[in-house]
Structure formats: structure tokens, C-alpha cells
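Beneath this line is the structure, given in C-alpha cells, with notes to follow.
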Amino acid sequence: MRKTATTVAVSLILGAGLQPARAALYAVDQNAPIHANGFFAAWYQDTHGRALDLCLSRAQSSRVPGNYMCTLLPSPGVFDDTRPINFPSNFPDEAFWFTGETSVADAASGVDLLYVSAVEAAFNGEVPANDDQVSFARIRIRVTVPTAGTYTVTHPYGVEVFQVDAPGTRAINMTRDIGIGAPGDFKGALKGDVGPFLRSVNGPYQEANPDTGLLETFIGDPNLTEAVTGSPFGTNFVRIEGPNGLRLESRLFSVSGKLSSVQLPTPLQVSRSTYSRGENGAGQAQQDVFVQAPPPGASASFTDAGGTAAAMQGTALGAWYGQSPRDPGGASSVSITADNSAVVPGSLPTSKNSALVDVVSISRAEYSLGNNTLTVEAVSSDRTGQPGLTVEGVGGLVGGRLQQVVTPIPPARVTVVSANGGRDTEDVRILP
């Protein structure tokens, strides 16, 4: 089956959780699927704001004539790529919104690596049929290695560590497909390990669709190997490291994806909006806003709790930060706007209100086994307002401190919440 769940022929020790963020997509078309798309979702959008249509165009590369810009795989008796696509009589049993692939082959070391990232359309029964459509985000790593030991593969969407006990052909054989749900439900792929979409640093490319005569725009040419950008971690390469100082990598990918012409809101995810006052002396205050949005080229700004506009600075990975030196007073929210129209024509600006909360910091969380007493000390960043603090499930702090008998066993961790919305969680230190 092409659409199996994760298959690992070796021990997978550690996955993409190494990273401080994670790969993911942002949105999927929620309109009713239509016949022209084989009743699949029309598009997926990534966190950089680019939406890719299901790539069914027969447009050909002007750089490598005779080859398609989409990954269209002929299948005898199922799909004839020389004929117009029509569901279900002549439709691919596998189609793609996105593919990004590379390989590393090194005769000296005996290592042969294949890497695939994709957002794929397929059928549960493996042949085109209505009410059988599924989608998923795929990461596939297959490596032939000659030596047993620990291997680390760093790729655009994470880090995988494998313990190989039986070296040889495909000693590492991992396929992780996320998103396969009930037929017709395409939201699962949003939680996969692919996104934002990799794209060629030389693109985008435009080619004519012979079936419509229209010019279409593509994020890469799958018939070329090119440097890419788009990794959420800045790891726009695949690297394998292993025993005896092994270190090999590729920075050249084959990428496919057709940019959608649909107008969509700019992705905007609020990570944090907090305030402090009185921490550094009377009258000192600030508001801090952190968001994820498309990287610079796009723009982001916020209006603070006092109604004053403030600029934000962003990184190449799409993390944005802004600060206002104003006291929020009695206001309880900020308004944030992101606009990606300068990068993705037709993108619409997005604005969100976000609650402004204080920052709670736990400085002490201890439990004495000798007298069954829990001690918690914490402060709020609102030194002026001094909002009430409470240990969830236990009780309130007095003067920033709680000391209370808790039986029969100690809590593993405690969470302190503020009346103004802040919270902090810490593991409890166990004392004799």
C-alpha cells in the first residue's frame, strides 16, 4: 500500500521534536470538491501564504522540453498522461499538491539515500473512485548503509535519528504519512510534517497549459535539481551523519507545485501578547507581541492596548516581534495585522485581536516529604496592579507565596495562574 502509516525498518530514536518549532501547513480548501479536481480539495496553503493547487496540469517545461511541470505518473489501464485528465476514466491514481525530493549517492562510503517530502492525493482502494479520495503529508527516507550504528538525518522538515543493527540495502526505511482519514476529509494533512512548501530559489516559472491555453505559475521545475528555500528551520538541505565520521548532504532538490490564483488571507498565528509594568521602577511599562506570519517581504504590525500603532520586526523563518512602551491601562487586548500581498499577489491582509496578559514566573516549587508541605513562590509582571495569583487545584498565593499541606502524594508539577490571564507551569522539586 502506498498510503501506509509510518513504516520504520530500524529503531527510530528521535524525530522532529528536536526542533523548537514544527513543520505544518496552514489551511486547506473548505469548498465542496469539484469534478475537475477529482473531488479532492482544490488547494493547500502554507504558513508563508502560498497556496498550491492539486497539480493536474499537463504544462511542459521549457527548460527540459517534453517533461511535465506537475508530477503526473502514468499508470497502464488507469491513467494515460497523453490524454486529457478526466475523473474517473483517466485520472492519476496518485497526484500531488507538492513534492520536494533529493538523493545522495556516495560510492566511497557505500551510502545511497533517497528523500521525499510530499502532499499527496490518493485513493484508499488505489484506483480512482468516487467517495474514496484521501490526502496525506509524506516524509520518506530510505538509505542503504554499509555499517551498523547510529545515523542522523537532518532534512528541511525535521531531524530523524536511526539505530541500524542490520546494515545493507534500505537498512533505513521510513515512510511517515499523516492525514489519512475518512474519504473526503482533507484536513488531516495540515497536521503532517510538511510545510511551508519548499520552492526553487530560481523560480517561480511560468508555462502554458496545452489543455486551456492559460499561463500557469510553478514553484519549481521537477525536471531540474535546484537550491531551495522554505524550510521552517532554515535547513534547506538533507544531511546524513553516521559512524566513522560519515557526513554527506545534498542542497539540490526537484520541486513541483502549481501556485493557486485563489485570493486567501495572510497566515497569522499569535504566539504571545503580554505586558509588564512597574518591574523596573514606577511608571515603567511595556507590551510585547510575538507572532508567526510570512517572513519579511510581507509586513506585520500591531496596535497596542492604548490604541497606538507599533512596528514589528521579522526573521527569515517568519517569527515576528514588536514592543510598545505604553502602559495598557484598563485595556485588555491588542490588534495585529499581517499583509503578504507584496510577495503573493492577491493575498488579503489578516487582522486578529489578541488578549493581553501578564507574565507569571514561578521562582520556587518544592514539596517536603517530611511534613507533606508544598511551597510555591511566584510573581506577576504586573507589579503595579498586583493581580491575584492562584496555584491551580490548591489555593491562592499571599504576598507571592503559598505554603500548604498536600496529601497523600506530592504533585508532579504546579501551574500558577493570574487574575489577569498569565500562567506558568513548573516541575515540583521533591525534598526529604
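The values are calculated or read from the model by the stated rules, or taken from the named source; none is laboratory data. This is a predicted model, so every value here is computed, not measured. Using ideal geometry, Cβ is built from the backbone for each residue, glycine included, and neighbour counts are taken over all protein chains shown.
Annotation note: of ILE180, ILE240, the sole residue that is outside any loop (DSSP other than H, G, I, E, B), touching a residue at least 24 places away in the same chain (Cβ under 8 Å) and of a type in the set (A, V, I, L, M) is ILE240.
Yes/no per residue for (1) assigned to a strand (DSSP E or B); (2) crowded, with 16+ Cβ neighbours inside 10 Å; (3) more than 20 Å from the chain's Cα centre (by Cα):
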position: PHE186; (1), (2), (3): no, yes, no
position: VAL194; (1), (2), (3): no, yes, no
position: PHE197; (1), (2), (3): no, yes, no
position: ASN202; (1), (2), (3): no, no, yes
position: GLN206; (1), (2), (3): yes, no, yes
position: PRO210; (1), (2), (3): no, no, yes
position: PRO222; (1), (2), (3): no, yes, yes
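Reported count of residues in the range 325-336, each being in a strand (DSSP E or B) and buried (at least 19 other Cβ atoms within 10 Å of the Cβ), is 2.
Matching residues to (1) under 30 Å from VAL379 (Cα atoms); (2) hydroxyl-bearing (Ser, Thr, Tyr):
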| site | (1), (2) |
| --- | --- |
| SER250 | no, yes |
| GLN263 | no, no |
| GLN269 | yes, no |
| TYR275 | yes, yes |
| GLY281 | yes, no |
| GLN292 | yes, no |
| MET312 | yes, no |
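Please go through the range 396-412 and pick out each residue that is within 22 Å of VAL357 (Cα to Cα), surrounded by fewer than 19 Cβ atoms within 10 Å (Cβ to Cβ) and out of contact with any Ser or Thr (no Cβ under 6 Å at 6 or more places or on another chain). Hits for the range 396-412 are VAL398, GLY399, GLY400, ARG401.
Per this entry, GLY346 is counted among residues that are under 33 Å from the mean Cα position of the chain (by Cα), part of a loop (DSSP other than H, G, I, E, B) and either small (Gly, Ala, Ser) or modelled with pLDDT under 95 (or both).
Residues in the range 117-141 that are within 26 Å of the chain's Cα centre (by Cα) and either in a loop (DSSP other than H, G, I, E, B) or outside the structural domain of ALA41 (by TED's automatic domain parsing) (or both): ASN124 alone. Among the residues here, SER363 does not qualify as surrounded by 18 or more Cβ atoms within 10 Å (Cβ to Cβ), touching a strand residue (DSSP E or B) at 6+ places or on another chain (Cβ under 9 Å) and at pLDDT 95 or above.
Given the criteria within 27 Å of ALA41 (Cα to Cα), in contact with a helix residue (DSSP H, G or I) (Cβ under 6 Å, 6 or more places away or on another chain) and modelled with pLDDT of 95 or more, does ALA129 qualify? In short, no. Scan the range 230-239 and give yes if some residue there is under 16 Å from TRP97 (Cα atoms), buried (at least 21 other Cβ atoms within 10 Å of the Cβ) and either at pLDDT 95 or above or in contact with a Phe, Trp or Tyr (Cβ under 7 Å, 6 or more places away or on another chain) (or both), otherwise no. Yes; the residues of the range 230-239 include at least one that is under 16 Å from TRP97 (Cα atoms), buried (at least 21 other Cβ atoms within 10 Å of the Cβ) and either at pLDDT 95 or above or in contact with a Phe, Trp or Tyr (Cβ under 7 Å, 6 or more places away or on another chain) (or both). Of the residues making up the range 50-67, those that are under 30 Å from LEU190 (Cβ atoms) and either touching a Gly at 6+ places or on another chain (Cβ under 9 Å) or charged (D, E, K, R) (or both) are ARG50, LEU52, ASP53, LEU54, CYS55, LEU56, ARG58. When the range 25-40 is limited to residues that are hydrophobic (A, V, I, L, M, F, W, C) and over 19 Å from the mean Cα position of the chain (by Cα), the one that is nearest to THR229 (Cα to Cα) turns out to be PHE40. Annotation note: Cβ proximity below 6 Å between a residue of the range 320-340 that is more than 16 Å from VAL270 (Cα to Cα) and at pLDDT 95 or above and a residue that is part of a loop (DSSP other than H, G, I, E, B) and acidic (Asp, Glu) (sequence gap 6+ or interchain) occurs for SER324/ASP304.
Residues considered: ASP304, ASP288. Of these, the only one that is among the acidic types (Asp, Glu), surrounded by 22 or more Cβ atoms within 10 Å (Cβ to Cβ) and either out of contact with any helix residue (DSSP H, G or I) (no Cβ under 6 Å at 6 or more places or on another chain) or at pLDDT below 95 (or both) is ASP304. Here the range 254-279 is the region considered, the condition is being surrounded by fewer than 20 Cβ atoms within 10 Å (Cβ to Cβ) and assigned to a loop (DSSP other than H, G, I, E, B), and the residue that is modelled with the lowest pLDDT is GLU279. I'd like to check something: does the range 262-282 contain any residue that is small (Gly, Ala, Ser), over 24 Å from SER361 (Cβ atoms) and more than 20 Å from the chain's Cα centre (by Cα)? Checked the range 262-282: no residue is small (Gly, Ala, Ser), over 24 Å from SER361 (Cβ atoms) and more than 20 Å from the chain's Cα centre (by Cα). Just one of the listed residues (THR144, THR154) is in the same structural domain as ALA27 (by TED's automatic domain parsing), in contact with a Pro (Cβ under 9 Å, 6 or more places away or on another chain), of a type outside the set (A, V, I, L, M) and part of a strand (DSSP E or B), namely THR144. Answer yes or no: is there a residue in the range 68-76 that is in the same structural domain as PRO232 (by TED's automatic domain parsing), in contact with a Gly (Cβ under 7 Å, 6 or more places away or on another chain), surrounded by fewer than 20 Cβ atoms within 10 Å (Cβ to Cβ) and not acidic (Asp, Glu). No, because not a single residue in the range 68-76 is in the same structural domain as PRO232 (by TED's automatic domain parsing), in contact with a Gly (Cβ under 7 Å, 6 or more places away or on another chain), surrounded by fewer than 20 Cβ atoms within 10 Å (Cβ to Cβ) and not acidic (Asp, Glu).
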